[in-house]
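J.: Quick one: the structure is below, questions incoming.
None of the figures in this text is laboratory data; all of them are computed from the coordinates on show. Computed from a predicted structure; not experimentally measured. All Cβ positions, even for glycine, are placed from backbone atoms using ideal geometry, and neighbour counts span all protein chains on display.
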Amino acid sequence: MVLLAVDWGYIGENLFSDIVFEGVWMTLRLTAVAMFFGVVLGTAFALMRLSPAWPLKALGLAYIWFFRGTPLIVQIVFWFFALPQVWPEWAPWNGQMSPFTTGVFALAINEGAYMTEIMRAGIQSVDSGQMEAAKSLGMTYPKAMRRIILPQALRVVIPPTGNEFIALLKNSSLVSVISVSELFLVAKLQYSSSLLYFEWLIIASVWYLALTTVGSIAQAWVEGRYGAESYGAGAGGSGWTRRLMLIGPRD
């Protein structure tokens, strides 16, 4: 009886409509840009966490503690509404960032906190003798990290990073609270006006499932091509891979 009450024809008509495609495209843009900056932030703060200088280490710990310890939706609302209230100059062009920019900013900073621990674990999975050997060849610390350590760490970091990308794809729906027209907000506006809640939630769910499925397939291919397991059991890092997989995905 429930299935008979659903207007399946309406779902078919709107599943590939222009407004839905616009929402899907916005979701992909948010996820891709936020993930890129999240990885950059994660790498930077992971190096701080591993630094012998205690101020840098403390800053890295504080970053992880705060952004992993508070809800993402609270952070999004804070950046868009609360901070401009007490510090209008923080976005000098108009006192407030655009919804899209704020969404990317909030998602990237939150994602960076998770990527920090993933990158830290990946870097620590590389034998310390690699850095000593690089320095014996005259390499500076930044050059050795860029050319020797990080390339080896990436093969261990890839699996949990893929999990984080899929989690971020779903978490991007939270920026609907600041009126970013991603997939969920499109569905919300449509079911609010048509009262066809079930139909529009099915449409949104189908697209989220499609996107996460494609992401999972891409993740599996990248893991097989570049992940630690592709180097064989003797290449090192397989144990770290299993540990890192416990970090993600998150919901």
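J.: How large is the helix-only mean residue ellipticity at 222 nm for the chain, computed as the sum of -39500 (n - 2.57) over DSSP H runs with n ≥ 4, divided by its residue count, in deg cm²/dmol to the nearest 500?
T.: That comes out to -23000 deg cm²/dmol.
J.: How far apart, in nanometres, would the label points at Glu132 and Leu83 be if each is projected 7 angstrom from Cα along the Cα-to-Cβ direction?
T.: Distance between label points: 4.3 nm.
J.: Once both axes come from the Cα atoms, what is the angle between helix 54-69 and the longest principal axis of the chain, in degrees from 0 to 90, rounded to 10?
T.: Result, in degrees: 20.
J.: Which whole-number percent gives the relative contact order of segment 3-245, counting Cα pairs below 8 Å spaced six or more residues apart?
T.: 28
J.: For segment 3-245, what ratio Rg/Rh do Cα atoms give with a Kirkwood hydrodynamic radius?
T.: Dividing the radius of gyration by the Kirkwood radius yields 1.06.
J.: On to the next question. Taking the simple approach of a point 7 Å from Cα along Cα-to-Cβ for both Ala210 and Leu154, what is their distance in nm?
T.: Simple spin-label model gives 3.1 nm for this pair.
J.: Under the Karplus relation 6.51 cos²θ - 1.76 cosθ + 1.60, θ = phi - 60°, what is the ordered set of whole-Hz ³J(HN,Hα) values for segment 208-222, x standing for Gly and Pro?
T.: Computed from phi, the couplings for segment 208-222 are 4, 5, 5, 5, 5, 5, 4, x, 5, 5, 4, 4, 4, 5, 5 Hz.
J.: Same structure, new question: Any idea what angle helix 183-194 forms with the longest principal axis of the chain, computed on alpha-carbon atoms, 0 to 90 degrees, nearest 10?
T.: 10
J.: Net charge around Arg29, counting only other residues with Cβ within less than 11 Å of its Cβ (Lys, Arg = +1; Asp, Glu = -1)? Intermediate values should be presented prior to the final figure.
T.: Details: positive: none; negative: Glu22, Glu182.
Charge balance in the 11 Å sphere: -2.
J.: Still on this model: Take the Cβ-Cβ distance between Arg146 and Leu28 as r, set R0 to 30 Å, and report the resulting FRET efficiency rounded to the nearest 0.05.
T.: Result of the calculation: an efficiency of 0.55.
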